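Structure record follows, encoded as structure tokens.
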Amino acid sequence: MGILLVAKNEFLKSLKYKKKLILTVLIPVIAVIAALGINSLMKPSINIGVIDKGSGNEYSRFKEKAVSIKGLTIKKANEDSINTDMILAKYSAVIQLNKDESFQVICLDNKVKENIEQIIKSYFANGDLHGFEDTLSEMLIESMTVAQRGGGYILLTLIITCTLSACNLIKDQKEGTLKRVFVSPYKPIIYILGTFLYNLLNTIVQVIISVIIITILPIDIGIGALQLLFIGLTIAIIATSLSCLIVNLCKTELQASLIASVVSVIMSLLGGSFLPLDKMPTLLKYVSNATITKWLVIFIEKIQQGVVNTDAFAPIGIILGLSMLMLIVACKLGERKFA
């Protein structure tokens, strides 16, 4: 009962600042819609850098042929910054064209390098670059789905926005509100869980609004409205649990917002939001098991496949277990912090 009263008081308190409340709801909604919209438009692409070592008009002919292949971009590369450009993924590969129609391919991925070498050999033999079309088709099959990428971006966004909302707990401590509350029969854990419940309900409202708008808009994300809602509710639980932990771990609002930003980005990088899990180095695959983002991506994959078995329930079980663990740790930290 005390938890519900705290959540109710948080809501009534937010009504005093209506503009802030509207922005708190709208900004995450806009971010969620933008994340799914942008990801639905993203298609696999290959950026090739070319170093012209006196090949005559070969670079111009090469670029002219590439125009007809959708998703293939050819640009002149800077020889002095090749290594940096490759590490930063500016180019998928760099091709050095020489005078005698010889060439050299520079690429971090040996499989891609061999593939491009075969394509360039074919180009010099018959002027054909269509091998890149097959490569792009293969990349499309192997790439993450819109729902998986979108889910990762939504989690990243909501962790940050939920933490900013949960910072009211730190603000209440500074303003002395918590001292007055703790004089009453309520224990710190009641107040912590009350603010968590308010934050969760607020995030669920944002998810529901986002799903309704996305359903109306012509955005194809490969899943239905109910599936998207289920994924959104799962993300809401993760984001509010983690934000509760971060806020109870930090002393200031600035600390909380910085840690939330860093943690969400690291989780996205290691969890498979930017790079497919099967493309990661072996060591990172093991490290990713500790991130809740990985299990979210796997959970979304199972939902899209329509799989209903033990494999499908395992990710959601891990997600709920980790969320519960974060909430318990947050309560323990909060009890010590506010005692």
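The values are calculated or read from the model by the stated rules, or taken from the named source; none is laboratory data. The shown structure was predicted, so the numbers you read here are calculated from the model rather than taken from an experiment. Methodologically, a virtual Cβ is constructed for each residue, glycine included, from the backbone with ideal geometry; neighbour enumeration extends over all protein chains shown.
The residue pairs whose first member lies in the stretch 99-111 and is touching a residue at least 24 places away in the same chain (Cβ under 8 Å) and assigned by TED's automatic domain parsing to the domain that holds Gly54, whose second member is part of a helix (DSSP H, G or I) and surrounded by fewer than 13 Cβ atoms within 10 Å (Cβ to Cβ), and whose beta carbons are closer than 7 Å, counting only pairs six or more residues apart or on different chains, do not exist in this structure.
Set side by side, the residues Val247, Val207, Val297, Val211 differ, and just one is assigned to a helix (DSSP H, G or I), without any contact (Cβ under 8 Å) to a residue 24 or more places away in the chain and in contact with a helix residue (DSSP H, G or I) (Cβ under 6 Å, 6 or more places away or on another chain), which is Val211. Taking Leu129, is it more than 19 Å from the chain's Cα centre (by Cα) and either surrounded by fewer than 19 Cβ atoms within 10 Å (Cβ to Cβ) or at pLDDT below 80 (or both)? Answer is yes for this residue. Checking the structure you have, find out if any residue of the stretch 320-335 is over 19 Å from Ile231 (Cα atoms), at pLDDT 85 or above and among the charged types (D, E, K, R). Yes, that holds for at least one residue. The set of residues from the stretch 63-102 being in contact with a helix residue (DSSP H, G or I) (Cβ under 7 Å, 6 or more places away or on another chain), part of a loop (DSSP other than H, G, I, E, B) and β-branched (Val, Ile, Thr) comprises just one member, Ile69.
Listed by first and then second residue, the pairs linking a residue in the stretch 158-174 that is over 15 Å from Ile259 (Cβ atoms) to a residue that is modelled with pLDDT of 85 or more and acidic (Asp, Glu), with Cβ atoms under 8 Å apart and 6 or more places separating them unless they lie on different chains, are Lys171/Glu253. The condition of being outside the structural domain of Ser273 (by TED's automatic domain parsing), at pLDDT below 80 and not small (Gly, Ala, Ser) holds for Ile82.
Of Leu233, Leu242, all but one fail to be among the aliphatic types (A, V, I, L, M), modelled with pLDDT of 85 or more, in the same structural domain as Ile204 (by TED's automatic domain parsing) and surrounded by fewer than 24 Cβ atoms within 10 Å (Cβ to Cβ); the exception is Leu233. The single condition from (1) at negative phi; (2) at pLDDT below 85 that Gly272 fails is (1). Being farther than 22 Å from Phe274 by Cβ, of a type outside the set (A, V, I, L, M, F, W, C), modelled with pLDDT of 75 or more and not assigned by TED's automatic domain parsing to the domain that holds Pro281 is true of Glu117. Taking the stretch 206-230 only, how many residues are surrounded by fewer than 21 Cβ atoms within 10 Å (Cβ to Cβ) and of a type in the set (Ser, Thr, Tyr)? Counting residues in the stretch 206-230 that are surrounded by fewer than 21 Cβ atoms within 10 Å (Cβ to Cβ) and of a type in the set (Ser, Thr, Tyr) gives 1.
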